[in-house]
Amino acid sequence: ENRERGGGGKSALYYRRRQKGKNLLAAYHGLFHVAGRAGRPDVALRLAYAMNKEGLEPTETSLNCYRAGRTVREREKKAGEEEDGSAAKEGGGGGIRAKWFESLLTVECTEYDRNDKRRSEEKRIRIIF
C-alpha cells in the first residue's frame, strides 16, 4: 500500500522516477546557489547546459537560485568590508566576463514571451533565414 503513493493505479516505479526528477532538479538548484555564492556565472551556465542535456529545462527558478547565492555573497562581502573598514577593490562582481556569462545565463533560463512587461524595454532583432 505504501508503494503506490501516486494513487490512481500509478506504479511504484513511476513514483520513484518522478521523485528522482524532483531530487535532481533540487540538486541542480542547490548547485546554482553555490555557483552564485562563489561568484562563478560560468559554472552556472555550464549547469544550465547540463540540465538541458539531462532533459530538464532551466527556468527562472534556476536563475533565481543563482541570483540568491550571488546576493548572499555580496552581503557577506559588504559585511566584511564594514568590519575591516576597507573599501571595495572590485568594480561590481568580477568584471566584464562575469557580466557576459550572467547575460547568457539569463537568456538560457528565461522563456521569451512577447507580452511580458518586464521585457518591454529590451531591444529586439529579427533574424531572417
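Pairing each residue of the range 102-129 that is touching a residue at least 12 places away in the same chain (Cβ under 8 Å) and in a helix (DSSP H, G or I) with any residue that is β-branched (V, I, T) and surrounded by 10 or more Cβ atoms within 10 Å (Cβ to Cβ), provided the two are 6+ apart or on different chains, yields C-beta distances under 8 Å for C109/T59. Out of the range 94-129, which residues are open to solvent by less than 100 Å² (accessible area, probe 1.4 Å) and over 16 Å from the mean Cα position of the chain (by Cα)? G94, G95, D113, D116, R119, S120 - these are the residues of the range 94-129 that are open to solvent by less than 100 Å² (accessible area, probe 1.4 Å) and over 16 Å from the mean Cα position of the chain (by Cα).
Of all residues in the range 26-67, those being assigned to a helix (DSSP H, G or I), more than 13 Å from C109 (Cβ to Cβ) and touching a residue at least 24 places away in the same chain (Cβ under 8 Å) number 7. If we keep just the residues of the range 43-58 that are loosely packed, with under 15 Cβ neighbours inside 10 Å and not aliphatic (A, V, I, L, M), which is nearest to R97 (Cα to Cα)? If we take residues in the range 43-58 being loosely packed, with under 15 Cβ neighbours inside 10 Å and not aliphatic (A, V, I, L, M), then Y49 is nearest to R97 (Cα to Cα).
Can you tell me which residue among Y14, Y66 is of a type outside the set (G, A, S) and at pLDDT 95 or above?
Details: Y14 fails: at pLDDT 95 or above.
The conditions single out Y66.
The values are calculated or read from the model by the stated rules, or taken from the named source; none is laboratory data. Because the structure is predicted, anything quoted here is derived from the model rather than measured. Don't worry about glycine lacking a Cβ; one is built from the backbone with ideal geometry, like all the others, and counts go over all protein chains shown. Accessible surface is based on the protein model in full, side chains and every heavy atom, while ligands, DNA and RNA are left aside. Shrake-Rupley method; radii C 1.70, N 1.55, O 1.52, S 1.80 Å.
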